[in-house]
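Here is the structure we will look at.
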Amino acid sequence: MRYLIGRYHEIALKGRNRWRFVEQLKQNVRAAFADIQIGSVRGVGPRLIVELGDGVSDALAAQRGALLFGLENLSVSYPVALDMEAIAAQAIERARGHRVQTFRVSARREDKHFALNSMDIEREVGAAVVAALPLKVDLKRPELNISIEIMSDQAMVSAGKLQGAGGLPVGSTGRATALLSGGIDSPVAAYRMMRRGLGLNFVHFHSHPLVSSASRDKARELVEHLTRYQFNSSLCLVPFAQLQREIVAHAPKALRVVLYRRFMIRIACAVARRAGTTALVTGESLGQVASQTLGNMTVIEKASSLPLLRPLVGMDKNEIVAQARVLGTFETSILPDEDCCSLFVPPHPETNARPEAVERAEAQFDIERMVADATGGIEVVRFEFPVRAAACAGAHAKATVH
């Protein structure tokens, strides 16, 4: 018998509301292991304990557990009786095979009635490990940490803790719709909001067939990657070329980009309301491009009937790139494509659009009809992770088109 033990991140601070976050985390655990049988999932004190079946390797358990927002760290632990000889023997077994030279023992008593206190447990188990294996104790910078948790009915022993994803469980703070461009910024914005507990639907605007399908392919690949953190996603591929043609034919050149963005926001709001989500998420960063000056962002935001969340607004490009590399989306995001917003862009776009000028430009458009035309041509792609028919560590997200 083995257990995946996850220690709570922010959930530990939630007081009377903690149970809601724990219940959501339990649901997410079931989703993360949907293709493999696991046993009970229960909250005990500041930790979540998942019973692992024989078909789940330690490596796979750790890999899936690392995708769960809400956990500060996690470990694969082995239960033993509340007996010091059994605890020491299990600690030696867990340490055996690790290519390290130094270690320490960290003990924590959930049950304060255990005969020895934490320091005594650490000393006794540490001495047993030194006697059995060629390892040295290093309390400050050990290469291996042997963790012992004394519960009311058994002890849990593990060797090494893995960093968890942190944040709050996906789904615990609501659901929003994220605008996904295919560039570097928007996947990072989506990840940061999922880490705050938001489940996300995705919307991508494309100008196919005026340009290649590269941006659509990138959007699908990015959503497939992000689905590993929320287990089910939908991507709406919105045809934008005809709407752009109308803007180019009738609006001032300098306002094209601002008008593109305002129509995107309107369409995204329509998609979001249809799906029952209550906010929009964008990858905008203040001052990064012409449409992201404070003046233009203010004008663009006025087109939204839903709250607009901008998790990257105060970050610079280097910070965003660094997060994209860690997240694993950077290499996909930099693949060449033809983004719809780069189509028909004037050489000198307006950087501080006046609301009255934008309203005059839009007065000649049938906005309701244009939004309806765009939403009527949407292609929906649904993703799930893990793929239940493929019980393997490398199971990719499965996509289905509607």
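The values are calculated or read from the model by the stated rules, or taken from the named source; none is laboratory data. None of these values were measured; they are calculated from a predicted model. Note: ideal-geometry Cβ built from the backbone for every residue, glycine included; neighbour counts use all protein chains shown.
Of the residues in the range 371-402, how many are in a loop (DSSP other than H, G, I, E, B), modelled with pLDDT of 80 or more and over 20 Å from the mean Cα position of the chain (by Cα)?
Quick first cut of the range 371-402, residues in a loop (DSSP other than H, G, I, E, B) only: 377-378, 385-397, 402.
Of the ones still in play, those that are also modelled with pLDDT of 80 or more are 377-378, 385-387.
Cutting the leftovers down to over 20 Å from the mean Cα position of the chain (by Cα) gives us 377-378.
Matching residues across the range 371-402 total 2.
Yes/no matrix, rows are residues, columns are (1) at pLDDT 95 or above; (2) over 30 Å from R195 (Cβ atoms); (3) in contact with a Lys or Arg (Cβ under 7 Å, 6 or more places away or on another chain); (4) among the basic types (K, R):
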{"residue": "D54", "(1), (2), (3), (4)": "no, yes, no, no"}
{"residue": "S57", "(1), (2), (3), (4)": "no, no, no, no"}
{"residue": "A66", "(1), (2), (3), (4)": "yes, no, no, no"}
{"residue": "E72", "(1), (2), (3), (4)": "yes, no, yes, no"}
{"residue": "A91", "(1), (2), (3), (4)": "yes, yes, no, no"}
{"residue": "F103", "(1), (2), (3), (4)": "yes, yes, no, no"}
{"residue": "F114", "(1), (2), (3), (4)": "no, yes, no, no"}
{"residue": "A132", "(1), (2), (3), (4)": "yes, yes, no, no"}
### Message
If I go through the range 43-57 residue by residue, how many of them are surrounded by fewer than 19 Cβ atoms within 10 Å (Cβ to Cβ), assigned to a strand (DSSP E or B) and touching a helix residue (DSSP H, G or I) at 6+ places or on another chain (Cβ under 8 Å)?
### Response
1
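So which of L82, L74, L25 is over 25 Å from L226 (Cβ atoms), of a type outside the set (D, E) and either crowded, with 20+ Cβ neighbours inside 10 Å or more than 23 Å from the chain's Cα centre (by Cα) (or both)?
Numbers: L74 fails: over 25 Å from L226 (Cβ atoms); L25 fails: over 25 Å from L226 (Cβ atoms).
Within the list L82, L74, L25, the selection yields L82.
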### Message
Among (1) in contact with a strand residue (DSSP E or B) (Cβ under 6 Å, 6 or more places away or on another chain); (2) farther than 30 Å from S233 by Cα, there is one condition R99 misses while meeting the rest; what is its number?
### Response
(1)
### Message
I'd like the residue in the range 242-280 that is part of a loop (DSSP other than H, G, I, E, B) and within 26 Å of the chain's Cα centre (by Cα) and, out of all such residues, is surrounded by the most Cβ atoms within 10 Å (Cβ to Cβ).
### Response
T277
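In the range 183-215, how many residues are at pLDDT below 95 and in a helix (DSSP H, G or I)? First the steps, then the outcome.
Pass one, the range 183-215, residues at pLDDT below 95: 183, 206-215.
Still in the list and also in a helix (DSSP H, G or I): 214-215.
Of the residues in that region, 2 qualify.
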### The one condition in (1) part of a helix (DSSP H, G or I); (2) closer than 27 Å to E221 by Cβ; (3) modelled with pLDDT of 95 or more that C341 fails to fulfil
(3)
## Note on the structure
If we ask which residues in the range 160-182 are surrounded by fewer than 24 Cβ atoms within 10 Å (Cβ to Cβ), out of contact with any Asp or Glu (no Cβ under 7 Å at 6 or more places or on another chain), in contact (Cβ under 8 Å) with a residue 40 or more places away in the chain and in a loop (DSSP other than H, G, I, E, B), their number turns out to be 5
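State yes or no: is A127 assigned to a helix (DSSP H, G or I), of a type in the set (G, A, S) and either closer than 28 Å to R47 by Cβ or assigned by TED's automatic domain parsing to the domain that holds Q24 (or both)? Break it down stepwise before answering.
Numbers: assigned to a helix (DSSP H, G or I): yes; of a type in the set (G, A, S): yes; either closer than 28 Å to R47 by Cβ or assigned by TED's automatic domain parsing to the domain that holds Q24 (or both): yes.
So A127 passes the test.
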